[in-house]
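Here's the structure we're looking at; comments come further down.
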Amino acid sequence: MTTLGAVFRPQLAPERLRSVARLADDVGLEELWLWEDCFREGGISTAAAALAWTERVRVGVGLLPVPLRNVAMTAMEAASLHRMFPGRAILGVGHGVQDWMGQVGARAESPLTLLREHLVALRALLRGERVTTEGRYVRLDDVALDWPPQEPVEVLAGATGPRTVRLTGEAADGTVLTADTSPDGVRRARRLIEEGRAAAGRTDGSHKVVVYLLAATGDGAGERLRAELAAEGAGGEADLGVAGDAEAVAKAVRRLAEAGADSVILQPTGDEPDPEGFVRFVAEEVRPLVP
């Protein structure tokens, strides 16, 4: 069954998160995703709050930019969430928007190398291993977590370009694809992921693919969708985003699932007038139409 979720966008003030998260829990939304976009809201702090305010909804963070984070700190924070809220936290990392990384003096000369080193070390630390490594960016000397997760956990990675998508197959447990990904883009990503898995000799287990889908419903939905796609430079591309009622949105979700998405996370437009209503729409109207 396809997992369905919704995004709490960081264009909303942090104090708005409580009502959205509690509603998501009440209406049975499967996953609520948060973003650590510069310079809005911290991913770990908002995830911890959302998890504490709720009982059952899973909370995803997509993504934590690795240039901003020492891998030991990422591991400590991730392990704490997994131990306090077993089975409910989903964490993804990425190399970050390079302009933003440059603004804070954290831009890496090789974002791909940094992401690979971070993923390898992070997954090892979360498995409870003691890690010593001397990479180009990641350096650890006899580091182990005192409180690693009690059960195996997944580490996802975000990707857009083909080299990064292939890397997620090689070094992550799942891949997060942006809302600029069409069904054909999901198929291409699946092929690249499998190439990465094969190159790394990873033949066991599965690899989760999470895809954001820009969606709008209600009054002015089409106009809001077109405006956001145009602002993102994707206004002329086909098969991106969906505007309409629950059946129209569910059809778009099903197309992504058929292309290879395991989870589809509905992303409201940045000017969504009713974030709580959007979450209710996803859980109560779209979910019954998605197998």
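Readers should treat all values here as calculations from the given coordinates under stated rules, not as data from a laboratory. The model shown is predicted, which means the values in this text are computed figures rather than measured ones. Note that each Cβ is placed from the backbone with ideal geometry, even for glycine, and that neighbours are counted across all protein chains shown.
The C-alpha atoms of the chain define a longest principal axis, and helix 71-84 lies at about 60 degrees to it. A viscosity of 0.692 mPa s and a temperature of 37 °C, combined with the Kirkwood radius over Cα pairs in Stokes-Einstein, give a translational diffusion coefficient for region 3-208 of 188 µm²/s.
Computed from the C-beta positions of residue 127 and residue 187 and an R0 of 35 Å, the FRET efficiency is 0.65 to the nearest 0.05. Rounded to the nearest 5, the antiparallel percentage of DSSP beta bridges internal to the chain is 10%. Our summary of shape: the Cα atoms of region 187-261 have principal axis extents of 50, 26, 14 Å, ordered from largest down, in whole angstrom.
P(r) for region 12-133, from all Cα pairs and a bin width of 10 Å, is 13, 41, 32, 13, 1 %, short bins first. Each of the peptides 78-89, 250-261, 102-113 was scored by the mean count of other Cβ atoms within 10 Å over its residues; in descending order, highest first, they stand as 250-261, 78-89, 102-113. Evaluated with a Cβ-only charge set (Lys, Arg +1; Asp, Glu -1), the chain carries a dipole of roughly 680 debye about its Cα centre, given to the nearest 20.
For region 146-243, the equivalent ellipsoid built from the Cα gyration tensor has semi-axes of 31, 17, 10 Å, listed from largest to smallest.
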